[in-house]
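Report on the following structure.
The values are calculated or read from the model by the stated rules, or taken from the named source; none is laboratory data. Quick caveat: nothing in here was measured; it's all calculated off a predicted structure. Here the Cβ positions follow ideal geometry from the backbone for every residue, glycine too, while neighbour counts run over all protein chains shown.
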Amino acid sequence: MDDFEAHRGHLHAIAYRMLGSRNEADDAVQEAWLRFARTDTNGIQDAAAWLTTVVSRVCLDMLRARRTRREVALDARLPADSSDPEQEAILADSVGLALLVVLDTLSPAERLAFVLHDMFAVPFAEIAPVVGRSTQATKMLASRARSRVRAAQVPDSDVSRRREVVDAFLAASRNGAFAALLDVLDPDVTVRADASAAPAGAPTLLRGVRDVAEQALAFSRRAKDAHVRLVNGSPAILVTPRGRLVTAMTFTIANGKILTIDIIADPHRLGHLCIEPS
């Protein structure tokens, strides 16, 4: 199985960008390993290409099943290719977060075509059989996806401007000001919580301005222990009852509106945050 292990990191990178979830990416790579183990590898001339096709088919099936269930599982940030994808996930910047949100708006076939071609330089002729389209039709899938990604909002680079938005969000949460929350949240805002932040049985993803605003109002009882600090260079909200960090909320902001909120409560992830002194 040395051939498989040599490509595991590459396969996980593809699966993560396809699925937006480290747990689901792990499942997809494991399924690819099982298929590889059941296959006579003597007939495989290019193991990397064969495994890329297999993990792509697995991811496509998972995306289609997710659409049928009308569920989304985004549980971490976009990692760069690295020997330590978990650490890269923790340190990934807001552009990666925004890209995951945009990718989630694509159809499964569009997402696969864009990820494989534009991120991993897989030729369209090799992608076409995976999505069941002609090469030309596959190019069109990637083109449509590329247009959506390019048209997506670019996160604000001005730290002071982002700080104002986060301050306004925290103040509105503390004061129970529903209208003020609506002013700072994008209509399609998304909240993602890691498993430690979400109570048992609670959703780890919430989408839509009204639902997110209502959750922010529920947060008001904890807001007295919250304050804004720079975390990994960006304004974030830290919840520190009795001086102990229990939750961090990081934000993606564009045009003065909050696009995504990531709620981190896992102690390991919290321990790797770079928090600037106040």
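Some notes on this structure:
- Note on the stretch 6-56: residues that are of a type in the set (K, R), more than 21 Å from T105 (Cα to Cα) and either touching a strand residue (DSSP E or B) at 6+ places or on another chain (Cβ under 9 Å) or assigned to a helix (DSSP H, G or I) (or both) total 2.
- D3 vs. criteria of a type in the set (D, E, K, R), surrounded by fewer than 18 Cβ atoms within 10 Å (Cβ to Cβ), touching a helix residue (DSSP H, G or I) at 6+ places or on another chain (Cβ under 6 Å) and farther than 22 Å from E110 by Cβ: yes
- When R148 is tested against the conditions (1) touching a Lys or Arg at 6+ places or on another chain (Cβ under 6 Å); (2) at pLDDT 70 or above, the lone failure is (1).
- The stretch 95-130, residues that are modelled with pLDDT of 80 or more and hydroxyl-bearing (S, T, Y): S107
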